[in-house]
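The values are calculated or read from the model by the stated rules, or taken from the named source; none is laboratory data. Here the structure is a predicted model, which is why all the values come from computation and not from measurement. Here the Cβ positions follow ideal geometry from the backbone for every residue, glycine too, while neighbour counts run over all protein chains shown.
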Amino acid sequence: MLAEDRFQDLRMTRRTRTFENVSDADLVNQIAGDHGLTADVDMTGPTHTVLAQVNQSDLAFLRDRARAVGGELWMEGATLHAKARSGRGRGAALEMTYQQSLQEFSVLADLAGQCTALVVSGWDVAAKSAISHEAGQSVISSELQGGVSGASILSSAFGDRKETITHAVPLTTEEAQAQAEAFFRLTARRFVVGRGVCKADPAIRVGASVDLKQLGPLFDGKYYLSEVKHLFDGLRGIRTQFTAERPWLGQV
């Protein structure tokens, strides 16, 4: 059995249209109104001269725009939320101890997808000049909790490894900065990814924070839940599977 929330309305509506002189927060408010939803928006970002939705569903378009400024979308009843990850917390982190409430856990710290800096470049049509912004690990420093980032480990082991994004096509310096910082955070947060099974708890949901214990100094600590499944069968009963991520390793 599959149940869908009100995102179905946005997923089933495909359009081609343009928006002029709007911020990404403005877009969320407008599209939420199109579907009879209440919007709860707290996203910063530049005002765009023009944005195009080209043969995209309203849901895909909003997710693309939220990702470009480091925001996340989720639905609660008839309220569409659009906020930075820091604004999605639900109170204190849920504590889980390995081989107790945390029944299974596998984790990987992978430098293959990391970079020490990320550059977004474009062209300012009005000024007829190139634009560019470089984001580094300073944009993720508030999330490290005393640990070591993938970018820092990569730099120490192999030197600078810069990535350049060419498909974003920002039209202003402000757009380039917002996109560079958002994409760097997105990459950095996938440095450490763990998958676990735990005792079922309705508080375990996407966007929640968990504090995992007895995994050793490298992997103990807080994680952000990016995927959650609540499962039931006749053999193992009810349980919860989750995917958790964070941008840092603990120190030995």
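In this structure, is Ser132 hydroxyl-bearing (Ser, Thr, Tyr), surrounded by 17 or more Cβ atoms within 10 Å (Cβ to Cβ) and more than 19 Å from Glu245 (Cα to Cα)? No, not satisfied. Would you mind stating whether Glu72 is outside any helix (DSSP H, G or I), modelled with pLDDT of 90 or more, acidic (Asp, Glu) and more than 30 Å from Arg236 (Cβ to Cβ)? Yes. Within segment 113-129, being among the β-branched types (Val, Ile, Thr) and either closer than 17 Å to Thr164 by Cα or surrounded by 11 or more Cβ atoms within 10 Å (Cβ to Cβ) (or both) holds for Thr116, Val119, Val120. A single member of Leu225, Leu218 is surrounded by 14 or more Cβ atoms within 10 Å (Cβ to Cβ), closer than 23 Å to Ser152 by Cα, out of contact with any helix residue (DSSP H, G or I) (no Cβ under 8 Å at 6 or more places or on another chain) and assigned by TED's automatic domain parsing to the domain that holds Thr97, and it is Leu218. On the stretch given as segment 204-215, residues that are surrounded by fewer than 17 Cβ atoms within 10 Å (Cβ to Cβ) and closer than 10 Å to Glu95 by Cβ total 2. Scanning segment 98-112 for residues being of a type outside the set (Asp, Glu) and loosely packed, with under 13 Cβ neighbours inside 10 Å gives a total of 5. Applying the selection to segment 13-29, what residues are part of a strand (DSSP E or B) and farther than 16 Å from Ala82 by Cα? Correct list: Arg14, Arg15, Thr16, Arg17, Thr18, Phe19, Glu20, Asn21. Residue-level check: of (1) over 16 Å from Phe191 (Cα atoms); (2) in a helix (DSSP H, G or I), Ala157 misses just (1). The residue that is nearest to Tyr98 (Cα to Cα), among those in segment 220-252 that are in contact with a Leu (Cβ under 7 Å, 6 or more places away or on another chain) and in a loop (DSSP other than H, G, I, E, B), is Asp220.
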